[in-house]
Every structure is written in structure tokens, then in C-alpha cells.
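Values in this text are rule-based calculations from the coordinates and carry no lab data. Note that the structure is predicted; figures quoted are calculated from it, not measured. Counting neighbours? That spans all protein chains shown, and the Cβs are built from the backbone with ideal geometry, glycine included.
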């Protein structure tokens with residue numbers, strides 16, 4: 001399943017980048033995609049559960065829109081802080097626990113934190129993420145654990 005999924009994704013990407021539908025270019029694109037799938041599986045040995053997590057595709061349809069909305073809301077909050085003449089920031093470092101069962105889940109959680117304006121994941125180890133938050137409210141929002149629960153549901157862990 002991972003082989004077919006990667007082949008389709010690479011072929012679609014090739015088509016989007018080239019924009020040409022001549023037989024030679026279509027053949028070159030599919031040939032290149034086949035070669036890349038072969039290299040990632042046979043030579044590099046990275047076409048596995050973590051290297052191409054196709055099992056997350058269904059859950060992504062609900063997680064990505066939620067994350068996009070969180071990015072928009074956080075971006076608005078950071079903009080309001082920066083435009084305020086008093087500059088009401090209160091930077092702090094916090095440690096947030098992770099409940100994800102896989103490395104992929106923990107990395108998705110850390111990257112989701114970093115994608116959200118006003119927070120940056122600094123370190124991921126021992127089941128915790130060290131996060132720099134621009135405001136007290138941003139830190140409290142992470143400590144509430146909503147993003148952690150959503151990422152755990154996204155990865156499919158109980």
C-alpha cells in the first residue's frame with residue numbers, strides 16, 4: 001500500500017510541477033517516480049511506518065483544518081500583541097507532556113506547536129516538549145492539553 005501511495009503522490013507532484021501531458025513527459029515522470037520508490041524501499045529502507053505514514057491520511061482530513069484554524073487564531077493574537085503600544089508580551093519556557101505513542105505522533109505535536117504563531121518547540125525528549133511561548137495565554141493554552149489530545153487522536157492511538 002505504501003508503494004502505491006508514494007508512487008501516486010510522486011506522479012501527481014510531477015504533473016503539478018511540469019504541467020505538460022505529452023507521452024514522453026508522462027512516461028519520464030512515472031519512470032522517475034518508480035525509480036524513487038525503488039530507491040526509498042530497497043536502497044534507503046525508509047519506506048516504512050514512519051517514512052511514509054499513509055495510515056494518517058484519513059485523520060488528516062479533520063486535523064489539518066483544525067490546525068489551520070489554530071494558526072489563524074494564534075496569528076491574530078500575536079498581531080494584536082505586537083500592534084499594542086504597551087507590547088503586552090510575557091515570554092516563558094514551559095514543558096508540556098506528550099501522550100503520543102509513536103515518534104511520528106510526537107514530531108507532529110512538536111511541529112504543530114511550532115507552526116502556531118507565538119510558540120516554538122525547542123526540545124523533545126523524555127516524553128516532554130520544551131516550548132517557548134510569547135505570552136502567558138499561549139503557554140496556558142498549551143498546558144490545557146487540547147492540541148496534545150487532538151494529535152494523539154490524529155495518530156490513531158487510544
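Things worth noting here:
- Neighbour counting of Cβ atoms within 10 Å sorts the residues 1, 147, 44, fewest neighbours leading, into 1, 44, 147.
- 0 to 90° range, to nearest 10: angle between helix 103-115 axis and the chain longest Cα axis: 60 degrees
- With Cα atoms, 0 to 90° folded angle of helix 146-155 axis to the chain main axis: 20 degrees
- As a proxy for reagent exposure, 50, 155 were ordered by neighbouring Cβ count within 10 angstrom, fewest first; the result is 50, 155.
- Working from label points 7 Å from Cα in the Cα-to-Cβ sense, the residue 79 to residue 44 distance is 3.7 nm.
- CD proxy at 222 nm, helix term only [per DSSP H run n ≥ 4: -39500 (n - 2.57); per residue of the chain; nearest 500]: -19000 deg cm²/dmol
- Note on residue 56 and residue 9: their simple-model spin labels are 0.9 nm apart, each label 7 Å out from Cα toward Cβ.
- Tilt relative to the chain, helix 57-83 - C-alpha long axis, 0 to 90 degrees, to 10: 40 degrees
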